[in-house]
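Q: I have a structure here, written as C-alpha cells, and I will follow up with some questions on it.
Every read-out reported here was derived from the displayed coordinates using simple, explicitly stated rules and does not represent laboratory data. All values reported here derive from a predicted model rather than from experimental measurement. Quick reminder, even Gly has a Cβ in these numbers, built from the backbone with ideal geometry, and neighbours come from all protein chains shown.
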There are 2 protein chains.
Amino acid sequence: MGQGKNAFYAQSGGVTSVINASACGLITTARQHPDRFGKVFAGRNGIIGALTEDLIDTSRESDAAIAGLRYTPSGAFGSCRYKLKGLEQNRAEYQRLIEVFKAHDIGYFFYNGGGDSADTCHKISQLSAKMNFPIQAIHIPKTVDNDLPITDTCPGFGSVAKYIAVSTREASFDVRSMARTSTKVFVIEVMGRHAGWIAAAGGLAADADHDIPIVILFPEIEFDQPSFLARVKEQVEQYEFCTVVVSEGAKNPAGKFLAEQGTRDAFGHAQLGGAAPVVANLVKDAHGYKYHWAVADYLQRSARHIASRTDVDQAYAVGKAAVEYALAGDDAIMVTIVRKADDPYVWEVGKAPLAEVANVEKFMPREFITGDGFGITAACRRYLQPLIIGEDYPPYAGGLPDYIQLKNQAVEKRLGTGYTLA
Amino acid sequence: MGQGKNAFYAQSGGVTSVINASACGLITTARQHPDRFGKVFAGRNGIIGALTEDLIDTSRESDAAIAGLRYTPSGAFGSCRYKLKGLEQNRAEYQRLIEVFKAHDIGYFFYNGGGDSADTCHKISQLSAKMNFPIQAIHIPKTVDNDLPITDTCPGFGSVAKYIAVSTREASFDVRSMARTSTKVFVIEVMGRHAGWIAAAGGLAADADHDIPIVILFPEIEFDQPSFLARVKEQVEQYEFCTVVVSEGAKNPAGKFLAEQGTRDAFGHAQLGGAAPVVANLVKDAHGYKYHWAVADYLQRSARHIASRTDVDQAYAVGKAAVEYALAGDDAIMVTIVRKADDPYVWEVGKAPLAEVANVEKFMPREFITGDGFGITAACRRYLQPLIIGEDYPPYAGGLPDYIQLKNQAVEKRLGTGYTLA
C-alpha cells in the first residue's frame, strides 16, 4: 500500500555492535527499488526523531558510507529509550506521528529494536485501522538480551556471546597462569537483567580441547550461596583456579539483585552494576582465595572488533528482508531468523505477527542449564555455538577500527509546530 | 661460557597476551643451535619451578606446538609473584638454585618479566662472581605497565594499549547513541598502579576523524575533583556525552587510591579495583548524569584476539635476541627495543646492562599529558600510535580462538631433596 512513499527507519533501545548492519541491509535494499521506495528517513534518536520532526535524510549519504554501516557498531542515527503509551492513554502522541508521517509522505515504518520496540511497532501498525492512516509497520529484531520470542536468535546477541566466550577463555588462561602464587578466582560480570543467554555464552569458553572450570550464575536460577561457595572450592581444589561468570540479573532468594545486596559508596548509596565485586568478596570471605573481577558493561555490546560473522550476516539479512516484506505488502510483522539445522548451522529469514511478539520474553529453558544450576548443557551448546561462528573484522587505520561516521543531515521541517515529549 | 649447556627459561609476574610469543622466539631460536644449546627447561610457575626442581621439558613439545605459543595469551608454563631476596638475606635460596642448575647442567638463565624480575635476573647474574657458579643471565622484558627504563616499550604493553584504545572508541560510539535519553557518561577503569601508560592509550580512541570527548585520570596527576567535574560537564554540554578513562592508580590529594576512598561491601570491607564506580558516582552526584562503568581488569591483558601486530613482533624478537645475545657471550643484560623513527615506526633490538634496569620505574613524562592534566599531547600520540599498529589474529575453531595448550611434561628430578619456599 505504501507504493512510492518514503520510509521511516529508527533504532531503539540499547544499541549493539551490529544494529547498523541491519540499517545497512535496509537502506541498501531500499535503494535498489527506486520505483517502489522514495527516500529512507531515519529518526534522530529513534522514535523521538519522528515525534519532534527531527528526521535524517539518508539519501544524502554515499553508497560507500552506507556500506560502512555494516562494520560500524552502535546506533549511527542515535537511539532512545522511549516507549509509546497505548492509543487510549496518549492519543495526541499518535496524532503527532501521523502529522509528521503525512508531512513527509511516509508509508513505511521500520523499527529496529527489542521487546519494548516491538510493542511500539505494533501500536504504530494499528494506526491504519484505528486512525485511518495507511502505513506498513515492520519490526526488525535487535537485542543483545536474546529474549525475543519466535525468532531463533536476536541480531546483536551472537556478537556479545562471542565477545563473552572469547574473553572468558582468555581471562581463564590468564588466571590459570597466576594461580600458584596469586589470583585463584576470576569473576566476570555480564549483561542480562532478566535472561541468562549472555551468561550462558561464558560456558562456551570451555570445551573438549580447553578444560576450564567455569561456574555460571544465571538470573533464572535463584542464588544459593552455600552451594555456590562449595562449587568454587571444588573447582579450585581440582584445577588450582576457577572462573565465575555472573549475570547482572543474578538474584538472591529474597529476589534482590546480587549487585544491590552489596556495595555502597562512601556516601552510602547502593552501587548498581556491581554483582562481580559482591561475588568476589563472598568467595574471598569464605575461602580466602585471591581474586580479580571485571565488569564488561558496554564493552561487550559495542565490541564490533570481535563480532560474530553469523550475527553480522543475520543483522544485515533482517534489514534487507524488512524491505522485501514491505514490498510484498506485509504489515504488523517482525522479521525472524528461522533455524533449519544445528551443525552446520542453516538458517533463513521468516516473519511473525507482531501481536505474538509484543511483550513476550524468552528465558533460558531449564534444560539448557545443568542440574546443579551452574553450567550449560549439551543442548544449550548446540543452540549457542553456531551463533558465534565466524569472524568479520572491520578495516583498521592507525591501529584502530576505522568506523564510519555519517553526515546525518536533517530533512527540512515542514510543520510549523514543535513537540514536547511526554 | 654456557656452550652445550641447557637453558632455564621462566615467566614471571603478571602475564600478558604476548609473553608466550617471547617464549616462542626463544625456544624456536634455541632449537636452531643444537651445537650450542642443549634443552630449554621451563620453570613451572616461574622461578618457583627452579627452587622446587619442577622443570618442564620443552623439547617434548612439537615444533607446531611451540609455533602456537606465538598466538596464545597468558603464561604457558605458569608464572608467579615471587621475588628473590638479596644474596646476603637468603643465601640458602641461591645455594638451592645452584644445586638445581648444576643437577640439570644449566648454563643459561632467561627470565621473562617486569621490574621485579629484572632485579631477580640481576641477582642470578651475580652468582658467577659471588658464588663461583658460571651462568649467563639474560632478562627478557615483559610488562603491560610499560614502566621498564631504557627500552622504547615493553612487550605486552602495545596489545593492552590497542585493546583499551579500541574498547574506548567502541564504547564511546555506544554512549553517543544513547545520550539523548539515557547514558551520558561512560567510565572505563584500566590497569596501571603507578604509571599512566595504559590510561594514555584510551586517548588514542579520539583522532582527527573521530571527535570523541575523552577525559583521562592518570596516576601521575593528583585527582582534582572540582576541575574534573567541571571538565566532564563542559564535555557533556558540548557533545551530549563524555567518556572517562580512569587508571586504577589514580589518587586523591591525600595520596589514597580513588578505588579505596570509595566503595565498601555489605560487611564494610573496602572494595579494591573499583575506581570506576567511585568516579561514576561522583559525576552522578554532582551533575545527575546517567552513567555506565566498566572494569576491564584481566580482559585487557589477556585479549590476544585484538593484539597489536607490532607488539607480537617485538615480543617474538626479544625472545629470539635473548638466545642470540647468549650465543654472543652476553650476561647480565636486558634485551631492549630501540626506536629509530616514529612514522613509519622503525625499531630494532638492543641491550642494556641489568644494573641500569633493576628497580627503575619509567613514568609518563609531564609533556605527554596536556596542561589541564586530562588528556594526551601530540608528543604522547607520536610515541603511542606506532605501538598499536597492525592486527595479528589467532586461528579460530568453533567461533573461538584455538589457543595452544602444551603438554608441560616434567623433567625427571635428580635431587633427593625437596624445598620449602620462604
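Q: By the scheme Lys and Arg +1, Asp and Glu -1, what is the net charge of all other residues having a beta-carbon under 10 Å from that of B:Lys340? It would help to have the intermediate numbers written out before the result.
A: Values: positive: B:Arg339; negative: B:Asp152, B:Asp342, B:Glu348.
Taking every other residue near B:Lys340 into account, the sum is -2.
Q: Can you list the residues, at least 5 places off or on another chain, whose amide H is less than 5 Å from the amide H of B:Ser17, using H built in the peptide plane?
A: Counting only residues 5 or more places away or on other chains, the set is B:Ser74.
Q: Once the label point is placed 7 Å from Cα along Cβ, list for A:Lys413 the distances to the corresponding points in the other copies, in nm, shortest first.
A: Spelled out, the distances from A:Lys413's label point are 8.2 nm.
Q: Name the residues whose placed amide hydrogens come within less than 5 Å of the amide hydrogen of A:Val190, ignoring near sequence neighbours (fewer than 5 apart) on the same chain.
A: Residues meeting the amide H criterion: A:Val246, A:Ser247, A:Glu248.
Q: Follow-up question, since we're still on this one. Kindly rank B:102-108, B:184-190 from highest to lowest mean number of other beta carbons found within 10 Å of each residue.
A: Top to bottom by mean Cβ count within 10 Å: B:184-190, B:102-108.
Q: Now for a different question. From the phi angles alone, apply the Karplus equation (6.51, -1.76, 1.60; θ = phi - 60°) to the range A:15-22 and give each ³J(HN,Hα) in whole Hz, x where the residue is Gly or Pro.
A: Computed from phi, the couplings for the range A:15-22 are 7, 9, 7, 10, 4, 5, 5, 5 Hz.
Q: In the range A:8-95, which GluC sites (Glu not before Pro) fall in coil by DSSP and have 16 or fewer other Cβ atoms within 10 Å?
A: Those satisfying the criteria are A:Glu88.
Q: Then there is this: Using 0.36 nm per residue of separation minus the Cα-Cα distance, give me the extension gain between B:Leu415 and B:Lys85 in nm, one decimal.
A: My answer for the length gained is 116.5 nm.
Q: If you wrap a convex hull around the alpha carbons of the range A:277-422, what volume per residue comes out, as a whole number of Å³?
A: Considering the Cα atoms of the range A:277-422, their hull volume per residue is 271 Å³.
Q: Per-residue mean of other chain beta-carbon atoms within 10 angstrom of the beta-carbon, peptide A:399-408?
A: So the per-residue partner count for this stretch is 5.
Q: Under a plain spin-label model, where a point goes 7 Å from the Cα along Cα-to-Cβ, how far apart in nm are B:Ala355 and A:Glu222?
A: Each label point lies 7 Å from its Cα, and together they span 7.0 nm.
Q: Please report how far the C-alpha centroid of the range B:1-59 lies from that of the range A:55-107, rounded to the nearest whole angstrom.
A: Answer, in whole Å: 60.
Q: Considering just Cα atoms, how many Å³ per residue does the convex hull of the range B:39-144 enclose?
A: Spread over its residues, the Cα hull of the range B:39-144 gives 98 Å³ apiece.
Q: Helix B:115-125 versus the longest principal axis of chain B: what is the Cα-based angle in degrees, 0 to 90, to the nearest 10?
A: 10
Q: Treating only the Cβ of Lys, Arg, Asp and Glu as charged (+1, +1, -1, -1), what charge dipole size does the range B:180-331 show about its Cα centre? Round to the nearest 20 debye.
A: Result for the range B:180-331 is approximately 580 debye, rounded to the nearest 20.
Q: Treating the angle as unsigned and between 0 and 90°, give the value, to the nearest 10°, between the Cα long axis of helix B:275-287 and the longest Cα principal axis of chain B.
A: For helix B:275-287, the angle is close to 10 degrees.
Q: Right, here's the next one. What are the extents of the Cα atoms of chain A along their three principal axes, in Å, largest first?
A: 68, 43, 42
Q: For B:Ala208, place a label point 7 Å from Cα along the Cα-to-Cβ direction in every copy; what are the distances to the other copies, in nm, shortest first?
A: Nearest first, the other copies' label points are 5.3 nm away.
Q: Turning to a different aspect of this structure: Spelling out what I want: for every residue of the range B:180-191, take phi, set θ = phi - 60°, compute 6.51 cos²θ - 1.76 cosθ + 1.60 (Karplus), and round to whole Hz; glycine and proline get x.
A: 4, 10, 9, 4, 10, 10, 10, 10, 10, 9, 10, 6
Q: Per residue of B:41-53, what is the mean number of Cβ atoms on other protein chains within 10 angstrom of that residue's Cβ?
A: Average per residue, whole number: 1.
Q: Right, another one. Where does the charge balance sit around B:Gly115 when Lys and Arg score +1, Asp and Glu -1, over other residues with C-beta under 14 Å from its C-beta?
A: Its environment carries a net charge of 0.
Q: By counting other Cβ atoms within 10 Å of each Cβ, how are A:Leu217, B:Leu127, A:Leu87 ranked from fewest to most?
A: A:Leu87, B:Leu127, A:Leu217
Q: What net charge do the residues around A:Asn359 carry, taking every other residue with its C-beta under 13 Å from that of A:Asn359, with Lys and Arg at +1 and Asp and Glu at -1?
A: The answer is -2.
Q: Between A:Ala328 and A:Asp343, 0.36 nm times their residue separation minus their Cα-Cα distance comes to what?
A: Between A:Ala328 and A:Asp343, full extension yields 2.2 nm more.
Q: Collect residues whose amide H, placed 1.01 Å from N in the peptide plane, falls under 5 Å from the amide H of A:Lys251; neighbours closer than 5 in sequence don't count.
A: Under 5 Å from the amide H of A:Lys251: A:Phe223, A:Leu258.
Q: Report, in deg cm²/dmol and to the nearest 500, the calculated mean residue ellipticity at 222 nm for the protein assembly as shown, where each DSSP H run with n ≥ 4 adds -39500 (n - 2.57) and the sum is divided by the residue count.
A: Result for the protein assembly as shown, helices only: -10000 deg cm²/dmol.
Q: Follow-up. If you rank B:Tyr163, A:Tyr289, A:Tyr403 by fewest surrounding Cβ atoms within 10 Å, what's the result?
A: Taking fewest neighbouring Cβ atoms as first place, the list is A:Tyr289, A:Tyr403, B:Tyr163.
Q: How far is B:Gln238 from itself in the other copies, in nm, if each label sits 7 Å out from Cα along the Cα-Cβ line, shortest first?
A: Result, one decimal in nm: 5.5.
Q: Still on this structure, I have one more. What FRET efficiency comes out for A:Glu240 versus B:Thr181 if R0 is 51 angstrom and r is the Cβ-Cβ distance? Round to the nearest 0.05.
A: That pair, A:Glu240 with B:Thr181, gives E of 0.60.
Q: To make sure I understand, if each residue's beta carbon is the centre and we count other beta carbons within 10 Å, what order do A:Tyr111, A:Tyr239 fall in, fewest to most?
A: Ranked by crowding around the Cβ, least crowded first: A:Tyr239, A:Tyr111.
Q: Compute, for chain B, the length of the dipole vector about the Cα centre, with Cβ point charges of +1 (Lys, Arg) and -1 (Asp, Glu) only. Units Debye, rounded to 20.
A: About 840 debye.
Q: Note the direction-averaged projected area, equal to a quarter of the hull surface, for the Cα convex hull of the protein assembly as shown, in nm².
A: Average of the hull's projected areas for the protein assembly as shown equals 35.0 nm².
Q: Here's something else I'd like to know. Please get the size of the charge dipole for the range A:1-152, origin at its Cα centre, with Cβ charges of +1 on Lys and Arg and -1 on Asp and Glu, quoted in debye to the nearest 20.
A: 220
Q: Let me ask you something else. Provide the per-residue ³J(HN,Hα) series for the range A:201-215, in order, calculated from phi with Karplus coefficients 6.51, -1.76, 1.60 and θ = phi - 60°, each as a whole number of Hz, with x at glycine and proline positions.
A: So the Karplus estimates, Gly and Pro as x, are 4, x, x, 5, 4, 9, 7, 4, 8, 9, 7, 10, x, 10, 10 Hz.
Q: Give the angle, between 0 and 90 degrees and rounded to the nearest 10, that separates the Cα long axis of helix B:225-239 from the longest principal axis of the Cα atoms of chain B.
A: 70
Q: What average number of partner chain Cβ atoms lie no more than 10 Å from the Cβ of the residues making up A:80-86?
A: Numbers: counts 6, 6, 3, 0, 0, 0, 0.
Partner-chain Cβ atoms within 10 Å, mean over residues of A:80-86: 2.
Q: Next up: Holding the Cα-Cα limit at 30 Å, pick out from A:Lys85/B:Lys233; B:Lys39/B:Lys351; A:Lys102/A:Lys340; A:Lys362/A:Lys413; B:Lys162/B:Lys233; A:Lys162/B:Lys351 the pairs that are longer than that.
A: Working: A:Lys85/B:Lys233 32 Å; B:Lys39/B:Lys351 24 Å; A:Lys102/A:Lys340 41 Å; A:Lys362/A:Lys413 40 Å; B:Lys162/B:Lys233 28 Å; A:Lys162/B:Lys351 41 Å.
Table pairs above 30 Å Cα-Cα are A:Lys85/B:Lys233; A:Lys102/A:Lys340; A:Lys362/A:Lys413; A:Lys162/B:Lys351.
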